[in-house]
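Below you will find the structure I want to go over with you.
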Amino acid sequence: MTHPFLDLPPLSAARFASIEDRVARLLATEQDVVIMQGEALLPLEGAIRAAAGPGTTALNVITGPYGQTFGNWLRDCGATVYDLSVPYHTAVTAAQVREAFAEHPEIDFVSLVHAEAATGNTNPVAEIGEAVREQGALFYLDAVASVGAEPVLPDEWGVDLCVIGAQKAMGGPAGVSAVSVSERAWTRMAANPRAPRRSYLSLLDWKERWIDGGRKALLHAPAQLEMLALEACVERIEAAGLDAVMARHRAAAAATRAGARALGGGLEPYVHQAAEAAPVATTLRAPSGVSASGLVARALAANPALPLAAGGGPLAEEMIRVNHYGPDATREVVEATMAALGTALAADRGSEVDVTGAQSAVAAAWQ
Ligand SMILES: *Cc1c(COP(=O)(O)O)cnc(C)c1O
């Protein structure tokens with residue numbers, strides 16, 4: 001008997017290239033798309049180390065935990081880094097980015113996270129992209145949590161390095177990831193003597209040995225199962241239609257916000273403005289005096305399958321994360337999550353909690 005995971009023929013270069021092309025179509029990009037053989041942190045780190053060096057002046061926007069990490073990599077590369085931090089309950093604005101450029105006209109690199117699954121906010125990349133273009137800086141974007149949940153358009157927005165992973169709204173594997181690379185970005189990397197070469201982190205290796213060679217020979221054996229899973233996941237999105245997949249995530253976010261408000265008991269959306277709330281995941285603020293991690297633990301004890309988590313690190317006591325992405329971006333999951341949170345919250349807040357009202361609000365918002 002052949003085993004469906006184990007007894008596979010080798011993944012050909014042509015198949016690998018065709019998967020890259022499908023990912024490029026998903027991003028509506030004409031740029032080169034490189035599929036990296038690791039979780040999204042691989043291209044996220046690889047792109048920064050390739051593009052930044054001691055001569056770089058970077059504006060690093062921090063709207064969640066990943067921005068912190070990017071700033072550390074940039075400093076590690078010898079770049080001069082100006083951090084622009086905004087509170088996690090909001091988004092950064094193009095005006096704030098322009099102010100930073102006015103203050104530091106030498107900025108030639110901008111790093112930004114599009115949507116933050118960990119904090120639940122999303123940033124206006126199209127508007128920020130316009131400002132970055134005027135500045136002439138290289139634009140690096142982490143779109144891991146936005147792709148599949150909301151439009152990600154590197155060409156239209158002038159993004160030079162756009163990193164995606166399939167494990168969030170795409171409902172795909174975590175073990176491979178992709179980055180679209182503009183001509184400008186390749187030029188910047190080629191001119192950087194410190195850019196990783198002959199290294200697993202190296203994007204230039206893929207450029208020189210894979211892309212420039214006409215994508216005929218792979219650098220090493222690909223992560224075969226993950227590549228097949230990525231192909232299947234893009235196929236599934238194509239079959240459903242990207243717009244329909246994004247609409248499902250938008251509905252899940254709207255329904256979760258409406259449901260939490262209707263539930264009462266002091267539960268509130270963590271991100272104040274709906275327009276700044278990410279479609280991929282919704283964060284909620286626990287009522288004062290109620291521990292978010294305790295509430296999540298009680299809800300999960302009742303229903304371990306729910307996509308619930310407490311905020312990371314110092315946010316664990318105040319933030320509840322509803323990770324309604326991929327297969328969990330459904331009305332049933334949102335309803336079950338509200339019911340479980342309501343029951344758990346009733347232990348603290350009793351009659352203030354209105355589970356029936358929350359279910360009606362979810363149903364109304366889902367339309
Ligand atoms: C999820 C995510 C990643 C990938 O990190 P994992 O925690 O390993 O899944 C990268 N960037 C952002 C903004 C993410 O939300």
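Where a number appears in this text, it was derived from the coordinates with a stated rule and is not lab data. All figures in this text were calculated on a predicted structure; none of them were measured in a lab. Here the Cβ positions follow ideal geometry from the backbone for every residue, glycine too, while neighbour counts run over all protein chains shown.
Measure out, as a whole number of angstrom, how far apart the alpha-carbon centroids of the stretch 1-73 and the stretch 311-365 sit.
33 Å
Can I ask one more? Positive end of the charge dipole of the chain (Lys, Arg +1 and Asp, Glu -1 on Cβ, about the Cα centre): tell me which of MET227, ASN123, GLY342 has its Cα farthest that way.
MET227
Given the rule -39500 (n - 2.57) for each run of at least 4 DSSP H residues, summed and divided by the residues of the chain, what is its mean residue ellipticity at 222 nm, to the nearest 500 deg cm²/dmol?
Working: 13 runs with 155 residues, N = 367.
The helix contribution divided over the chain gives -13000 deg cm²/dmol.
At 7 Å along Cα-to-Cβ for each site, give me the label-to-label distance between ALA174 and GLN367 in nm.
3.8 nm
Let me ask you something else. Over the stretch 1-73, what is the mean sequence separation of C-alpha contacts under 8 Å (at least six apart), divided by residue count, expressed as relative contact order in percent?
On the way: 21 pairs, mean separation 12.9, N = 73.
Contact order relative to length: 18 percent.
Here is a further query. Give the longest segment of the chain that steers clear of chymotrypsin sites (Phe, Trp or Tyr not before Pro) in DSSP loops with at most 14 neighbouring Cβ atoms within 10 Å, not counting the sites themselves.
Values: sites that count: PHE5, TYR200.
Counting at most 14 other Cβ atoms within 10 Å as exposed, the longest clean stretch of the chain is 6-199.
Rounded to the nearest 0.05, what FRET efficiency is calculated for ALA102 and GLU268 with R0 set to 35 Å and r the Cβ-Cβ distance?
Values: r = 35 Å, r/R0 = 1.00.
According to the calculation, E is roughly 0.50.
OK, next. What nm value, rounded to one decimal, do you get for the distance between HIS3 and ASP155 when each label is placed 7 Å out toward the C-beta?
4.2 nm
In addition: Please list, ordered by chain and number, the residues whose modelled amide H lies under 5 Å from the amide H of THR283; skip anything fewer than 5 residues away on the same chain.
Residues meeting the amide H criterion: TYR270, VAL271, VAL322.
Of VAL97, ALA79, THR57, which is farthest towards the positive pole of the stretch 6-99's charge dipole, taken about the Cα centre with +1 and -1 on the beta-carbons of Lys, Arg and Asp, Glu respectively?
So the residue furthest toward the plus end is VAL97.
Right, something else. Just to confirm the number: angle between the C-alpha axis of helix 65-76 and the first principal axis of the chain, 0 to 90 degrees, nearest 10?
That helix lies at roughly 30 degrees to the long axis.
Run the quick spin-label model on SER360 and SER291: label points 7 Å from Cα toward the beta carbon, then report their separation in nm to one decimal.
3.5 nm
Something else now. Measure nothing fancy, just the Cα-based angle from helix 13-26's long axis to the longest principal axis of the chain, in degrees from 0 to 90, nearest 10.
Value to nearest ten degrees: 50.
Right, here's the next one. Which length gain, in nm to one decimal place, applies between ALA126 and ALA347 when the Cα-Cα distance is subtracted from 0.36 nm times their residue separation? Kindly include the intermediate steps, with their values, before the conclusion.
Working: separation 221, 0.36 × 221 = 79.56 nm, distance 4.40 nm.
That works out to 75.2 nm of additional length.
Net charge near ARG197, counting Lys/Arg +1 and Asp/Glu -1 over other residues with Cβ under 13 Å of its Cβ?
Numbers: positive: ARG49, ARG194, ARG198, LYS207, ARG209; negative: ASP205, GLU208.
Value of the local net charge: +3.
Quick one: compute a quarter of the convex hull surface over the Cα atoms of the stretch 13-240 and quote it in nm². Show your work: numbers first, answer last.
Details: hull surface 44.7 nm².
So the mean shadow area of the Cα hull is 11.2 nm².
Quantify how much of the Cα-Cα distance distribution of the stretch 242-366 extends past 20 Å, in percent.
Working: 2613 of 7750 pairs.
Everything past 20 Å amounts to 34 percent.
Turning to a different aspect of this structure: Dipole size in debye (nearest 20) for the chain around its Cα centre, Lys and Arg Cβ +1, Asp and Glu Cβ -1? Can you show the working numbers first?
Working: 27 positive and 41 negative charges, 110 e Å.
About 520 debye.
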